Every structure is written in structure tokens, then in C-alpha cells.
Amino acid sequence: MVLLEVRLASSKEEQGGCFELSRSIPIQSHVNDMCVKYRVQDSPDKFSFQLFENKCLTDDDWSDQSLILNDGQIVLLREKPSIIVTRFKSSIAELEKNKLTSFESETSKEKLSELNKHRQVLFDLKSLLGSDVAFSEEFISSGGMEDLMNLISAGSGHNITGWALAGLRGCMNYVSGMNFMINTRGLVYQLYELANSKLTHVSRQCIELVFAICSIHSDGFRLVHRAAKIFAKNNKENPYQRLVKALESGDLDLQINTLTLFNTLFKTAPTEHKVRKFKVLLELLEIKSVLERIKSSALDEGFHKQLTTFEQNFSYPVPPSYYSTETYKKKLEKLEIAYQELEARNLYFEGQKDMLASVRTELQRFKKLIQIASDHGVMVSILPPTRRYDPETERSKAIIDGKVDLHFVLELSPYAQTKISELQGLKESYHKAVNDIYELSRNLQTKLRLEVETAAQQLHLELKTHQNLELEIEELHDKIERKNREAERKRQEAELKRQELALKKQEAERKKKELAAAKQGLGSTTSAPVSTPVPVSTTPAITVAPVSTPIPVSTTPAPVSTTPAPVSTTPAP
């Protein structure tokens, strides 16, 4: 006997009490008694005892003495997990069937009330998956994850889809849920297909589940990469094309999850060859230009952290053709900078020509004025009369009052002539350099465009060829596995037939020996009466053969006796 505190889990008010329960009696009998005591309306077969450790007690557990139950331990009287799972699965099926996204006027009130109940059940799924281990394991093993995936694919409204995704995420928190997702054929592809959905909230959460599979499971890269290739083949596009476009969606969480998925694929790639192929795929989708466009607009720290990780993963040695192209591009940039500097200097000198012409004109006019003033003696000293006399002042006065030859203004000094010739030579060199730059730029652009187009075509063809070959190899592997299984099955059938033939052969030999033994016994019984003389009777000699049991017929001929029967010489009376 054990003293347990039994509480009714489904009651709104806390109901419970301590009861002495015998472990020699089946546990279902105690459950039936508790259901009667607590006046449970449903059938007692739907209820069971559950420990607070989320373990449902069965008859085997109840009779197992290794399970220690202390006096006063609390157990819950609740519905069996299988019953709860059945109710949840029926609600999910009803929601998928109706696909009602809003309250429509033509829908009856009873129908709306029923659908609201199903919605409430789906809403409670996430919390139940996080708190009840027994229910979660039962829900996963009964195929509840497939029902959630089908409900999400059906597109039954924003709220219903969000609740279903939350339930799917709750299932994948368990090891059994993750294994079910990976081992069930088609579920990973269906999840990747939902990750490429046009609905942002669906795509965002599904991408999170995809990179969780890729990072947790050892074979995650192959599963996700294979799903991406099959999805691209079915939609006639490049792998990961829609995920790269999702980076420009403007949704920050979607951008972070997408970059996290790419970084996880880089991290979990099994070989360097796979890493290079994945880089080529992303390069063909021009992911660098996409990230350059969105990098300035995204200010979140998490986004820039994932972006930095992606840039580190994406750095790889540039092929020779790319290297030469980059070298020419850098040379062209330097020449363009030199051209811009020369053009700026040229514009500066061109702008100074008018000013120099104006200065020269003014100097000529001033020279004429000075000449006229000098001729008429009207030049006045600039020094004030109160200034103290000194030799320097007298010398300055003599220079100013005297006639000054200003012809040097109209003449160019050797230094100026040298500078002007240098400027003219620089101008010619500038024009020549500009022409050379233009010509080199056109040649480089033409060459670069041809090389890039050729390389892109070759990469595209090689990528398509590799994709087709990988799919064919996978199909051949599947065919070989099927043929091997078929051959193994036929070999087992042949082995069974051979054993049956051997048994039949042994049975035939045994029967043959029995026939031979029976034949020998029959021969000994038939030869004895022939040797005895026939008694003389007063009745006519009519012999009737006695009726005997049938003798099994043998395929071998019976031995013929060559001894003649004795002839009686006594005359008949």
C-alpha cells in the first residue's frame, strides 16, 4: 500500500485528497475509482495517473517495484496523452479543411463557434508542448508534425499559420521531433519550400527552423542543400535565388535569419569542395551587390555581426582572370584620378586667363597715365611734408618723383616665358593623356566585358552540369539501393524454396523407405501359404481368396516366384 495525493488535473478548482492505493491491484482499477469519486463525466478508460515528472503510470510501472513512490507524493488524474493528441489532430484537420481566415457573413454562428474552439486548441498547443513531455512525445510519434506542416502549406490565415509554426518549433525542441523531421521523407523539402514563401512571417520562422536543422544534425548540410537544389529544379531557377532576394525585403529579422542560414551552411559544409561550390552559387546570384545595397540601411548590431561573419566566410582566392581584371580596374581608377587633377588644373588656368588679360590692360593704362603725368609735371610725392628726412626717404622720393620706365610690364620675363612654355607642354601632355585614358578605358571595358561574359557562361554551364550530375548520381544511388533490396529479397525467397525442396526430398526418401519396408513385409506373408499342401475336401475344389487390407501400390514391379505350386494326386470323390 502507498499513500498518494491524487489531484484532478482537468478541474478549474483544485480538487484532491490522499488515498491509500494497493500496488497489487491494476492501476486502471484505481483510476476508475478516482473518476467515480471526482464525478468525471467522460469514460474512465480515457484517464490515467501521471507523475509531476510528466510520466504516465502504466500497469507495468505500477507493478514494478523499482519505481519508488513515497507517501504523500502527488499524482495527477488526467486524460491520457493519446486522447489529447487525437483531439488536437482533429482540430488541426478541421482548420486545414475549412481554411477560414475571417468571419464571413454567410457562415453560421454554430460553425464559427466550432472553428473558434479549434483555433483555441491550436493556440494552446505551444504551451502544452513546452510543459508536457508525455503529450509532446505522443504528438510527435503520431505524426502531428506532418499535420502542422500541411496546415501551414494550406495558408489558413496569418494567426493560424503563426500558431502552427510555433507548435512546429516546440516539437523540434525535442530530440524525437528533430529526428522525425529529418528521417521522414519530404519534410525537410517541405520546410525549405515554406522558407521560400512570399509571406514574410512564414519565411522568417521557417528559415530559422532550417538553419536549426543544419547546425544541429550532422547531415544537415546535405539535407538542406539537396532540398534547395530540388526546389530550384522544380521552379526552374538557381538554388537559393529566392533567399538572396529575401535580403532586400526590408524585414530585419528575415535578413538576419537568411544571413545566419548562409553562415551555418558555410560552417557545416563537409569538404572544401562543397564550400567553393556554395560560394560560386552565391556569386552567380550577385549577393555582394545585394549586401552592399542593404548594408547602409540596416543599423542593427545583430545584422552587422552576421554580415561580418558572412564576409569572412565568403573571402576566397580570386581566380587568375578575376585578378587581372581587378588589376586593370585599379590602374584605370588611378588614371581617372590623374585625369581629374589635370582637368582641374587646366580649368584653373583657363579661369585665370581673363584676369591676367585684365591686369595687363590695367597696367598699360596706368603706364600711359604715368607718362602723361610725367610729361606735364603733375606727379605728387606720396610722402607727407612732416616726415623726417633720411637718406632712404630721399631715395624713395627720387624714385617716385622721377620718371619710371614701365616697359617691363609689357614684356615677359624669361621665367614667365619658361612657365608659359611649361604650361603649354603640360596642356599638350594632358590632352594626350586624356586620349590615351579614353582609349585604354574602352579597350579595358571591352576586354573585361568579354572575359566576364565568357567566365559567367562557363560557370553557368558547369553549375548546371554539376547539378544535373549530382541529381542523376542520387537517382542512381536510389535505384541501386532498390535493386539491392530486391536482389536480397529474391535471394531470401530462393533460400526458402531451397529449404522447402530439401524438406520435401527428405520426406520422399522417408516414404520410399517406408514403402520398401512394407513391401518386404508383404512378400514374407504371401510366400508362406504356397508352401503348405492344399487339404482334400469333399466339396468341389473352389478356392476363394480371402479379403485383405489394401496394399500400397509401388512403382517397382513385384518379384515373381518361379517355384511351381504343389499338385495334389488324390482323386476327388
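Throughout, read-outs are computed from the coordinates displayed, never taken from laboratory work. All of these numbers come straight from a predicted model, not from anything done at the bench. Note that each Cβ is placed from the backbone with ideal geometry, even for glycine, and that neighbours are counted across all protein chains shown.
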- line: Shape descriptors of the stretch 193-247 over alpha-carbon atoms, Rg and Dmax in angstrom, are 11.0, 30
task: Mind computing the radius of gyration and Dmax over the alpha-carbon atoms of the stretch 247-302? Å is fine for both.
output: 12.4, 35
- prompt: Counting every Cα pair in the stretch 175-319, what percent are over 18 Å apart?
  reply: 55
- line: For the table K330/K447; K368/K427; K353/K427, the rows whose alpha-carbon distance is greater than 26 Å are K368/K427
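Expressed as a fraction of 2.2 N^0.38 Å, the rule-of-thumb size for a compact globular protein of N residues, what is the C-alpha radius of gyration of the stretch 416-514? Walk me through the numbers on the way to the answer.
Numbers: Rg = 41.7 Å, N = 99, 2.2 N^0.38 = 12.6 Å.
Relative to the 2.2 N^0.38 Å estimate, the stretch 416-514 comes out at 3.31.
Using 19 Å as the Cα-Cα cut-off, could you pick out the over-long pairs in K288/K464; K233/K267; K331/K432; K236/K267; K229/K288; K89/K126? Don't skip to the answer; put the middle values down first.
Values: K288/K464 22 Å; K233/K267 25 Å; K331/K432 17 Å; K236/K267 28 Å; K229/K288 21 Å; K89/K126 14 Å.
Correct reply: K288/K464; K233/K267; K236/K267; K229/K288.
Regarding the stretch 133-236, what whole-number volume in Å³ per residue does the convex hull of its Cα atoms give?
Details: hull volume 9.4 nm³, N = 104.
Looking at the stretch 133-236, the number lands at 90 Å³ per residue.
Sort 145-152, 227-234 for me by packing, meaning the mean count of neighbouring Cβ atoms within 10 Å per residue, highest on top. Numbers along the way, then the final one.
Details: 145-152: 21.4, 227-234: 17.6.
Order by mean packing, descending: 145-152, 227-234.
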message: Output wanted: per-residue J couplings in Hz (rounded whole) for the stretch 345-356, from phi through Karplus 6.51 cos²θ - 1.76 cosθ + 1.60, θ = phi - 60°, x for Gly and Pro.
response: 5, 4, 5, 5, 5, 4, x, 7, 5, 5, 5, 5
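Suppose R0 equals 60 Å. What FRET efficiency, 1/(1 + (r/R0)^6) with r the Cβ-Cβ distance, do L332 and D45 give to the nearest 0.05?
Working: r = 84 Å, r/R0 = 1.40.
Once rounded, the FRET efficiency stands at 0.10.
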